[in-house]
1. Arrange the following residues from fewest to most other Cβ atoms within 10 Å of their Cβ: Glu70, Glu52.
2. So for Val54, Val46, fewest C-beta neighbours within 10 Å to most, what's the order?
Amino acid sequence: MLADSGIEAHRAPPRATKAIVLVTHDMNWVTQLCNRAILIEKGQVVLEGNPEDVVRLHQEHSERSKREREAMLARAASSHSTS
């Protein structure tokens with residue numbers, strides 16, 4: 001959910017503005033405010049383009065990383081319980 005902390009002010013940038021760089025982890029802001037997005041992971045550009053596509057890939061990568069961390073923790077807990 002978006003905070004009321006100034007999003008309305010960001011919806012209508014001044015006419016002279018050519019680009020605004022928005023660095024955020026809030027995917028709602030990306031899809032609502034941007035017409036182009038870039039996903040950067042570990043300093044590398046992973047995808048540049050449509051915000052919905054970039055957000056979808058970010059979410060897929062986040063879910064995969066979460067599953068990998070959970071599996072690693074489960075293996076570590078299992079190895080400690082059998083030791």
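Please treat every number below as a calculation from the coordinates, not as lab data. Only a predicted model underlies this, so the values are computations on that prediction, with no experimental measurement involved. So basically every Cβ, Gly included, is an ideal-geometry build from the backbone, and we count neighbours across all protein chains shown.
1. Values: Glu70 10, Glu52 13.
Least crowded to most crowded, the residues run Glu70, Glu52.
2. Values: Val54 21, Val46 13.
Ordered by Cβ neighbours within 10 Å, fewest first: Val46, Val54.
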